[in-house]
Amino acid sequence: MLQQGEILTLLRHFQYHIQNAVPVEVYRGSVHVDIGMVTAVDEGFVELQGTLYNRSLFTFISRPGY
């Protein structure tokens, strides 16, 4: 399990967040873009509630308890 503020990098990190309904924050560089629940993930993209984010362009941070 990741702690609040840790960066999600592995597929299993995202799968854990899907299974346990743990929200994530999305950043592009240092700019906050979105926060929400991961609804799907694959090697290239993460979906947050209908919006796709390229895993190589965005940073995903664990936000349990948000």
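The values are calculated or read from the model by the stated rules, or taken from the named source; none is laboratory data. No experiment lies behind these values; they were computed from the predicted model shown. When we count neighbours, we look across all protein chains shown, and the Cβ atoms used for this are built from the backbone with ideal geometry, even at glycine. Just the protein is used for accessible areas: all its heavy atoms, side chains included, with ligands, DNA and RNA removed. Shrake-Rupley method; radii C 1.70, N 1.55, O 1.52, S 1.80 Å.
Observations
- Fully extended contour minus Cα-Cα distance, from Tyr27 to Phe45, at 0.36 nm per residue: 5.1 nm
- The accessible surface of the range 6-62, taken with every protein chain in place and a 1.4 Å probe, is 53 percent carbon and sulfur.
- Modelled label reach - Arg12, point 7 Å along Cα→Cβ, the range 40-57 residues with backbone N closer than 12 Å: none
- Label of the coordinate-derived value, Kirkwood radius over Cα pairs in Å, listed as [x] 11.4; [y] 12.6; [z] 16.3: [x]
- Probe 1.4 Å, accessible area per residue of the range 6-62, Å²: 56
- Per residue, the average separation of C-alpha pairs within less than 8 Å and at least 6 apart gives the chain a relative contact order of 39 percent.
- When +1 charges are put on Lys and Arg Cβ atoms and -1 charges on Asp and Glu Cβ atoms, the dipole computed for the chain relative to its Cα centre reaches about 80 debye.
- Amide proton proximity set for Leu48, modelled H, under 5 Å, gap of 5+: Thr39, Tyr53
- Seen from Glu25, the other residues with C-beta closer than 10 Å to its C-beta sum to a net charge of 0, counting Lys and Arg as +1 and Asp and Glu as -1.
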